[in-house]
1. Only one residue in B:ALA21, B:ALA39, B:ALA29 is in contact with a Cys (Cβ under 7 Å, 6 or more places away or on another chain) and of a type in the set (A, V, I, L, M, F, W, C). Which one?
2. Out of the residues in the range B:81-98 that are farther than 19 Å from A:SER48 by Cβ and of a type in the set (A, V, I, L, M), state the one that is surrounded by the most Cβ atoms within 10 Å (Cβ to Cβ).
3. Tell me, please, whether a residue that is within 14 Å of chain A (Cβ to nearest Cβ), in a helix (DSSP H, G or I) and more than 30 Å from A:GLY71 (Cβ to Cβ) can be found in the range B:43-52.
4. Can you tell me which of A:GLU206, A:GLU188 is at pLDDT 75 or above and touching a helix residue (DSSP H, G or I) at 6+ places or on another chain (Cβ under 6 Å)?
5. Across the range A:42-87, what is the number of residues that are in a loop (DSSP other than H, G, I, E, B), closer than 23 Å to A:LEU170 by Cα and at the interface with another protein chain (Cβ under 10 Å from one of its Cβ atoms)?
6. Keeping to the range A:1-41, report how many residues are acidic (Asp, Glu) and in a loop (DSSP other than H, G, I, E, B).
7. Could you go through the range A:191-209 and let me know if any residue there is of a type in the set (Val, Ile, Thr), surrounded by 21 or more Cβ atoms within 10 Å (Cβ to Cβ) and outside any loop (DSSP other than H, G, I, E, B).
8. On the basis of being under 26 Å from A:CYS201 (Cα atoms) and either under 17 Å from the mean Cα position of the chain (by Cα) or of a type in the set (D, E, K, R) (or both), does A:ALA61 make the cut?
Amino acid sequence: MIENVKSKYISGDVLCIVPAMNEATVIEVTISELVGLGYHVLCIDDGSDDPTGAIAESAGAYVVRHSVNLGQGASLQTGFDIALKGHFDVKFVATFDADGQHSVHSLADMLTCFDENPDLEIVLGSRFLQKDNSVPFQKRVVLKFAAYLARFTYGLRVTDRHNGLRLLRLSAVEKIDLKVLGYGHADEFLKLIKRQKISYCESPVEITYSDYSKSKGQPLINSFRVVFDRMFQ
Amino acid sequence: MIRNYDRIIGKVTARLGFVIATISFVFAALDPGAVSKIAQALGVGRGTDLVTYFSAICLVGLSAISIAKFRHLEYRNAQLVRRVALVEFESKYFADER
C-alpha cells in the first residue's frame, strides 16, 4: 500500500475497475502502473479474443471474464457487484479505462476530494477542468454541448458528461445499478446520481490522446447511437 | 409500452395491437368501399391513403416493440453472462471464503 501524500486515504482503499476488450497491447502498462502504486485492480475481460485477461492477471490484477462481449456498462456493473461482495477491503471504487487514456495522478487527486467533504459520494473526472487539455476541437465542441444539455435532461451541472474516470464511495456503488450495457452508461450514471440524490463533485483529470486510444475510442457519430439507445431504455 | 415491455400491460397492449391491425387489414381487403367511406369520414380522402397511414403507424409501432423486445432479451442475456462470470471469479480467487 502506498500512502497518498495529498489525502488521508491510501491507494489500498481503492478498487480500480478496468473494463477491457482486446486491449492486449496496452493493458499491461495500465495495470502495472495501478498495481505498482498499491491500488487493488479488478480487470473485466469483456469477451476478448486476444490474451487481454491473461496479461492483466500476470500484471497483478484480479480478472473476471465475460464469456461474450456485453459492453462497458455491463462490465462496470459486474465490477460493482464484485466490489459489494466484500472480498476486497476497500472504501472506494474507481472506474478506469484500459487504453491508457487516464492518469493515475488524476486518480490520486480525486481521492483528496473525499477529505474535504465527508458526505461526498462520487467524484466525476472532467477533462475540461484541466487547464492544458488536449481535447481535439470537434470532440470538445460535441462534449461541451452534451454537457450543457445535461442541465436540462438531468438537472445536473457537469462539465464533462462522458468521462470514464470516476471515484465512488462504496455507499454510492450500492445505489448504482447500470442497465445500459454499452457506452450509454455514462448518461445512466448521471441519471442515477440525480434520481438517487447522490452527492457528487467534479475533479480535473488529465486525458492522454494517443494514436492507440484515438483508434479505440468512440467516434463522434456514436453520440447519435447513445441518444437513440436512451429512447429505448 | 416500450419502457415497460416486461410488464404485463405492455405485453397485452402489443398483442392487442397486433390483433386489431390484422382484423383491420382483412376488413380493408374484403370491403374497400367501406374503407373509403371511413377515410372520407375521417377527412383523409381516399381509402388507399388511410391504409397507407395506418400501415406506416403499424410499421413504426412494430419496430419500436421489436427494439424493446430485443433490448429486454439483451439485458437478460447480460445478466446470465455476468452471473456465470461472478461464479467463475469467486471459485477462482475466493473459493475458500465460500
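The values are calculated or read from the model by the stated rules, or taken from the named source; none is laboratory data. Predicted model only: the values in this text are computed from it and were never measured. Cβ atoms come from the backbone with ideal geometry, glycine included; neighbour counts cover every protein chain shown.
1. B:ALA21
2. Restricting to residues being farther than 19 Å from A:SER48 by Cβ and of a type in the set (A, V, I, L, M), the top hit is B:VAL87.
3. No: the range B:43-52 contains no residue that is within 14 Å of chain A (Cβ to nearest Cβ), in a helix (DSSP H, G or I) and more than 30 Å from A:GLY71 (Cβ to Cβ).
4. Of A:GLU206, A:GLU188, the one residue that is at pLDDT 75 or above and touching a helix residue (DSSP H, G or I) at 6+ places or on another chain (Cβ under 6 Å) is A:GLU206.
5. Final tally of qualifying residues: 4.
6. The qualifying residues number 1.
7. Yes, that holds for at least one residue.
8. Answer is no for this residue.
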